[in-house]
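Beneath this line is the structure, given in structure tokens, with notes to follow.
Read-outs throughout are calculated quantities, based only on the coordinates presented, and are distinct from any laboratory measurement. The structure presented is a predicted model; accordingly, all values stated were derived computationally and were not measured. Cβ: placed from backbone, ideal geometry, glycine included. Neighbour counts: every protein chain shown.
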There are 2 protein chains.
Amino acid sequence: MDHSDLDSIFNPRSVAVAGVSTKSEGAGFGGINYLNSLLHCGFKGKIYPVNPKGGEIKGLKVYPNVKDIPEPVDYVISCIPASAALELMRDCAAKGVKGIHFYTSGFSETATKEGDQLEKAACSLARQSGIRVIGPNCMGVYHPKGGLAFVSDSSNESGSVGLICQSGGNAIYLIRAAAQRGIRFSKAISYGNACDVNESDLLEYLADDPDTKIITAYIEGVNNGQRFKQALNKTASTKPVVVLKAGTSEIGAVAAASHTGSLSGSERIWDGLLHQVGAVRVYSLEELIDMAVTFSYLSLPAGRRTAVLGVGGGTTVLLADDCAGAGLIVPRFPPVTRKELSNLLGSEAGTILNNPVDLSADAWRVGFYDILKVLANSDNIDLTMVHFPFSITSLPPPRAETWEFLLQDVLRAYRELTKPLVVVIHFLVFEEDCKWMLKAQRKCYEAGIAVYHSIGGAAKAVDRLLRYRELRQSRS
Amino acid sequence: MDHSDLDSIFNPRSVAVAGVSTKSEGAGFGGINYLNSLLHCGFKGKIYPVNPKGGEIKGLKVYPNVKDIPEPVDYVISCIPASAALELMRDCAAKGVKGIHFYTSGFSETATKEGDQLEKAACSLARQSGIRVIGPNCMGVYHPKGGLAFVSDSSNESGSVGLICQSGGNAIYLIRAAAQRGIRFSKAISYGNACDVNESDLLEYLADDPDTKIITAYIEGVNNGQRFKQALNKTASTKPVVVLKAGTSEIGAVAAASHTGSLSGSERIWDGLLHQVGAVRVYSLEELIDMAVTFSYLSLPAGRRTAVLGVGGGTTVLLADDCAGAGLIVPRFPPVTRKELSNLLGSEAGTILNNPVDLSADAWRVGFYDILKVLANSDNIDLTMVHFPFSITSLPPPRAETWEFLLQDVLRAYRELTKPLVVVIHFLVFEEDCKWMLKAQRKCYEAGIAVYHSIGGAAKAVDRLLRYRELRQSRS
């Protein structure tokens, strides 16, 4: 498939940002945000701020009009009011621009006749001039390799996860939150009202994009169901596709219509479609990130038989319930495994020589390393989950050293194990814990380990990975 | 009902801690932990450390044996090895002790004949001597008014929530995590194997306890189902009872048996029982805390019609889905409400003049206060939920001031509103956010507002509150 038109959006040689106010250097959103983001992301081409008042900002000359820019402009980011959109479009056509992203809102999502007509007119003008349009009413393109970003704190590192996201706010959140879980993006596109470039175009583009190994999508609704079905089918047959369909409730659908002018479609239709094409359906932003982590970091377990290692008797009982609830199997250990655990733990009271393993009495003495080795070597185990204590401040002193000791044990075991291992670090509720949790999480993903924030979330993700692989296998 | 025997456990005039090692001043658990906790919690009576080696610790004389203590001892906390339990029991009987808590494990939960016999023998000795036993294999009693605690960082403030918790680790987590949500406890008891004082005794005690307004319970299993049913029925007819039944999966039940020697009972039986007596069933520690918050802070909404206020179009679509998923109604606003919103927000693009309300474009300009007033005044609204932005670091600068501005708006609106309001502050994923989240949460609960960590969690809690009240009404 020819993607050259979208290529010039993802890899422009030069970018103009229309609607940069020289007075707004401190403010967060609008033109200045895009200027900061391009500079932060190390965009290699020329950057041209545009504002009728001219002047200079961040050492860059501000041009009164796109047409005044002396060199060619591939891509324009529009932060001007909707009322000036058509004029900008005409100027861009005259200038030979290849793509425009309208951050600008005030189009069809307003559900007014004026907004609708304006969007249609802008889109029609774009078609006539051979300009592709992203949006309107969205954050646009994040492409670390190409130096494009829409927030100035996003990572400059390129990764293997693609994201198409109808919502700008959710795109920002997903990119930032997933970064903390070790996810880096190949390309992420917040595409809003999708008046021209839509979810189907983007899916097909990412399907053919060699940098993208996993595709994640937040979709409120689509306008051309048939086209979407084809695009999704093609995409999901080549790469894992994870879809969060929002607006599934009646009122959510109304909100989606107001937000991006989307037709949501019925819950039943979506469920059938996603199953049919073999996409993985998720139900929250957190689950979407969990699946990006799973496809990125977790090697496929041979089956559902899970060993669970935790600290605390009650915690461990709940962990077993959570695994079972998500469809995993937490089998009893064979005698040889029990014997090996017994050798390590002695016959100490409170020790449970079975699955799930509770290290309450022994974690600080025995550590995680030897236990994890025993669990992974057990004949009837396909993967191991290790759950960190709820809070570092509940550890016996010296706390930081104890936490680090457990963490190093996990990293060491992971390096030596051949069976899959996942780590769960709970969302901690105390300020002191937060930095430890984030640090441990970072060390884990840097070592290549999939980290989750609850056993329930991890178990659900593993179940989805297994189902996905079973489905693909049954269809191949 | 006569509770004088348990009263002397909750309100002892003197406490001996058996098994305090003078060498272990720095360590976290065992006798020294109880000594620290009693001192921290300001226990008013005499504290007697006991260790065969004698000596002194924390300025207190250490007695070689309970019998050597010159004055009467009401309550003994045992941190000695299980092998010495019977001897301690005999000494306590000779001394006229009224209650013993065995932190000590190594009894029936080991699933060994020896452990089982030891527990039976200790319990039988206790019965003969008129001593009540808490445990074994548990953390014991937290009673801020009486100066008793089992961790040294628990609050000294007394509250209205009672907790009975079969697991010690979960009791510690619940008390600490709930404290961050504004929950203070009347009494919390980690009761472990329940060889003598069991869940039924404790439920009945809390049912009659004037300080306890809400009862929460984490239960792995009970030994006397008929007795438990009666106790639960009586308790749930006088106060809200929230139950987390753990060990519902087959393997969870096995883990529960190893943890506290509990017979779990089938999922179906528990579900029927809890519904029949009108207890509120929850499925995780977080949901248990959510219900403690709900019964403590949320006044009963007149119905399920919920106005949702958020920041971000996509977020708001998901919020609507989450509310609908939990059985709440997110109705469209009547024209008068839409008109009032329109007056406040103007006709700005991206603004949704309907429910859920998305303040993306306007939050920093308009704030939450006026909007919340309009929503609460709407004829078809029973309660309002306000969702804070995902991250303070995503706010436009100056961030801290913007966050504080939104927070103060919520507090001000709450003071003036007559309809229920709940606040949702997401678990934030960035270190810088954590302190802001905790600070905002504290300010909210100090003002009397129920705070949750997800709209889904809040919606589920509101649904459970409404169902609980409907059930009580239908049975009264």
Calculate the mean, over all residues of peptide B:281-289, of how many other protein chain Cβ atoms lie within 10 angstrom of the residue's Cβ. 2
Considering only the protein assembly as shown, percent of DSSP beta bridges that pair antiparallel, nearest 5: 10 percent
Mean Cα-pair separation over length for chain B, i.e. relative contact order, pairs under 8 Å, 6 or more apart, %: 11 percent
Shortest-first nm distances, A:Lys373 label point to equivalent points in other copies (7 Å, Cα→Cβ): 6.9
FRET efficiency for B:Asn377 and B:Gln473, using Cβ-Cβ distance with R0 set to 35 Å, rounded to 0.05: 0.85
Looking only at other chains, what is the average number of their beta-carbon atoms within 10 angstrom of each beta-carbon in B:304-317? 6
For B:321-331, mean number of other protein chain Cβ atoms within 10 Å: 4
Report, in whole Å, the centroid distance computed from the Cα atoms of the range A:231-259 and the range B:226-305. 36 Å
Given the DSSP H assignment, sum -39500 (n - 2.57) over each helix run of at least 4 residues in chain A and divide by its residue total; what's the result at 222 nm in deg cm²/dmol, nearest 500? -13500 deg cm²/dmol
Centroid-to-centroid separation of the range B:434-459 and the range B:135-187 [C-alpha atoms, Å]: 21 Å
Counting DSSP beta bridges with both ends in chain B, the antiparallel % (nearest 5): 10 percent
Suppose R0 equals 56 Å. What FRET efficiency, 1/(1 + (r/R0)^6) with r the Cβ-Cβ distance, do A:Asn11 and B:Ser4 give to the nearest 0.05? 0.10
Sorted from shortest, what are the nm distances separating the label point of A:Glu56 from equivalent points in the other copies, each placed 7 Å from Cα along Cα to C-beta? 7.6
In degrees rounded to 10, the 0-90 angle between helix A:399-416 Cα long axis and the longest Cα principal axis of chain A is 90 degrees
Run the reach check for A:Lys145 against aspartates and glutamates, Cα to Cα strictly under 14 Å, same-chain hits fewer than 8 apart removed. What comes back? A:Asp7, A:Glu157, A:Asp209, A:Asp211
Hey, with R₀ at 22 Å, roughly what FRET efficiency would A:His275 and A:Arg227 work out to, going by the Cβ-Cβ distance, to 0.05? 0.70
Can you sort B:His387, B:His426, B:His101, B:His40 by how many other beta carbons sit within 10 Å, fewest first? B:His40, B:His426, B:His387, B:His101
Please arrange B:Ile269, A:Ile32 by how many other C-beta atoms lie within 10 Å of their C-beta, fewest to most. B:Ile269, A:Ile32
Taking the mean number of other Cβ atoms within 10 Å as a proxy for protection, how do you rank A:406-414, A:330-338 from highest to lowest? A:406-414, A:330-338
On a 0 to 90 degree scale, rounded to 10, what angle separates helix B:85-95 from the longest Cα axis of chain B? 80 degrees
Distance in Å, no decimals, from the C-alpha centre of the range B:77-116 to the one of the range A:355-414 is 29 Å
In degrees, nearest 10, the alpha-carbon axis of helix B:199-208 is tilted away from the dominant principal axis of the alpha carbons of chain B by 60 degrees
Cleavage-rule hits (trypsin sites (Lys or Arg not before Pro)) in the range A:44-131: DSSP loop, at most 15 neighbouring Cβ within 10 angstrom: A:Lys44, A:Lys53, A:Lys58
Interchain or long-range residues, amide H under 5 Å from B:Val242's placed H: B:Ile215, B:Thr216, B:Ala217, B:Val280
